[in-house]
Amino acid sequence: MDAIDLSIFSSRITAICDEMGAVLQRAALSTNIKDRLDFSCAIFDASGQLCAQAAHIPVHLGSMAFAMADIVKDINWLAGDMLIMNDPFLGGTHLPDVTLIAPVFVADKCVGFVANRAHHADIGASVPGSMPISRQLDEEGIIIPPTLIMRGGILEDTVLAGITGTSRNAYQSYGDYTAQISANRCGINRLSELVGSMNIPAYQESLVALNDYAWRLALNGLSRIPNGSYHFSDVMDDDGLERRDICIKVCIDVDHGNIGVDFSGTATQVPGNINCPLPVTAAAVYYVFRCLMPDNTPACAGSFRAIRLMAPEGCLLNACRPAAVTAGNVETSTRIVDVVMGALAQAIPDEIPAASHGSMNNVAMGGNGGGNGGGNGGGEGVSEGSGKGTAGVWDYYETLGGGMGAGATAGGLSAIQTHMTNTRNTPIESVELTFPLRINRYAIREDSGGSGLYSGGNGLIREYEFLEEARVTLLTERRTHVPWGLAGGTSGMPGENILNNEVLPAKASFSVKQGDRLVIKTPGGGGWGLKQ
């Protein structure tokens, strides 16, 4: 296969993932999917190896790439089947991220799988937003083991009804799941057309060529890291319960582009919800090294051949059931990026930026209605996760950006999502139209980035005013331990969570009354280099 044909093939298969994402966004009902774009789409071969992915959410895609082979291997697949799952210990991330997988058959032969993963703000947890401060997995919502939601093209109504019945708004939940089904159907049609136009042997040969090419590009990019062993450690602020200053330690061994990443010495799993299943850890590691590969490296299994991962079973980054994990996916994953980058900064200091804000700054909230309301008050089919036909019942979840770390050539960007998340800001207009909330302030948090030759980006300030009673959960980090600078640059400012002028812990769950105000100040990024 020559270079031109390979490039065309890579673009065609990636375009299928892009189209799946467009279908999912446009068909979904929730603001979480249609506005924040908290979803991902990918294609796998018949053995579950990654073939292509869209530029969606790194923590979704890396974890799917790591775990898909184990998910699909023991199922007797038929044309028209579709599987649904969210179990973090069977290949998921955390319970709100629900994955749908479908086989693609051409000439009665399974040639691969299409999959999408989307975040559902209500997955049946006891608190609105389904991001509780939990002690074990079953407190975080409904656990969906790999289950056929469609068999031979026929929807398993009882399966879907059992899942949507746990939601506070079964109507909206049903709409989001059917949007995911539609996205996979689009992928099935497009991939079938592609394989049919090439024939099956040619398609399979093209995948081999694509993976080999990706491996060569990856090895070439990673070979510029000097041989040696590089160590770094950092800590999580707390687990939301009883543990503080929880250590994550890494040793990276480099041998002519072959990379070993060992997290021995990391803290054991904790009582709170910041534990990570191994696929999430793998996603964070893959992300960092993908950033060091050439831009045109295909996003397929071949690009990760040179990377070996080790995390002791039962540690924070390879937790065992029934550990709570809902914040591991969103918060601990960002700290994994920090420690891997901190180690690599010793090897290639001019290519690694200072620490970014280091938190997805998760805000989950909702209520039972009955207040003086705002917007629509969250009627059926309007508010995120609102439910069971009761007007005014609502759920809402969002992540907030912060400061990006500065690098050797430029300062960090301000008020932006970094690293493991790629979601968009939820527009104020959408928030105020849909939920009983008013956004009184949304601004850059000036002077929160670290100083240096290049300054870290600034965090942001977002102030919510509640127009009726609600329950709120915050899962945040870098409120105690600051995002570090590099090469003499100073650290970024830590974040702050404030309710009615009272400072809150990094992780907190509390009730609010009509008129209460919550202010989230997100951390800044670290600076790079000595200020001249």
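What to note about this one:
- Rough spin-label spacing in nm, given labels placed 7 Å along Cα→Cβ, for residue 463 and residue 11: 5.0 nm
- Greater than 29 Å apart at Cα, pairs in 34/73; 34/507; 249/507: 34/73
- Each of 206, 30 was scored by other Cβ atoms within 10 Å of its Cβ. Listed from fewest to most, they are 206, 30.
- Overall form of the range 3-215 per C-alpha gyration tensor (a/c, 1.5; a/b vs b/c): prolate
- When 150, 365 are sorted by how many other C-beta atoms sit within 10 angstrom of their C-beta, beginning with the fewest, the order is 150, 365.
- Projecting the Cα atoms of 227, 459, 318 onto the charge dipole of the chain, computed from C-beta unit charges around the Cα centre, puts 459 farthest toward the positive end.
- Simple rule: put +1 on each Lys or Arg Cβ and -1 on each Asp or Glu Cβ in the range 1-89, find the dipole, and look at 72, 50, 30; the Cα lying farthest toward the positive end is 30.
- Annotation note: GluC sites (Glu not before Pro) in the range 305-372 located in DSSP loop regions with a Cβ neighbour count of at most 10 within 10 Å are 313.
- Highest to lowest packing among 128-134, 494-500, 454-460, scored as the average C-beta count within 10 Å: 454-460, 128-134, 494-500
- Here the range 418-532 is assigned +1 on the Cβ of each Lys and Arg and -1 on the Cβ of each Asp and Glu. Its dipole about the Cα centre then comes out at about 300 debye.
- Per-residue Cβ neighbour rank within 10 angstrom, fewest leading, 419, 119: 419, 119
- Think of it as helices only: each DSSP H run of n ≥ 4 in the chain is worth -39500 (n - 2.57), and spread over all residues that comes to -8500 deg cm²/dmol at 222 nm.
- Counted over the chain with a bin width of 20 Å, the fraction of Cα pairs per bin, in whole percents, is 23, 57, 20, 0.
- Protection proxy ranking, peptides 315-324, 241-250, average beta carbon neighbours within 10 Å, highest first: 315-324, 241-250
- Sites matching trypsin sites (Lys or Arg not before Pro) across the range 99-166 that sit in DSSP coil, with at most 16 neighbouring C-beta atoms within 10 Å: none
- When each of the peptides 91-104, 68-81 is scored by how many other beta carbons lie within 10 Å of its residues on average, the order from highest to lowest is 91-104, 68-81.
- Label-point gap, in nm, between residue 216 and residue 233 - each point 7 angstrom along Cα→Cβ: 4.3 nm
- Site pair residue 253 and residue 308 shows an inter-label distance of 0.6 nm when each label is modelled 7 Å from Cα along Cα→Cβ.
- Taking the Cα centre of the range 301-374 as origin and assigning +1 to Lys and Arg Cβ atoms and -1 to Asp and Glu Cβ atoms, the resulting dipole is close to 260 debye.
- Student exercise, the chain dipole from Lys, Arg, Asp, Glu Cβ charges, in Debye to nearest 20: 360 debye
None of the figures in this text is laboratory data; all of them are computed from the coordinates on show. Note that the coordinates shown come from a computational prediction; the quantities given were computed from them, not determined experimentally. Virtual Cβ from ideal backbone geometry, glycine too; neighbours counted across all protein chains shown.
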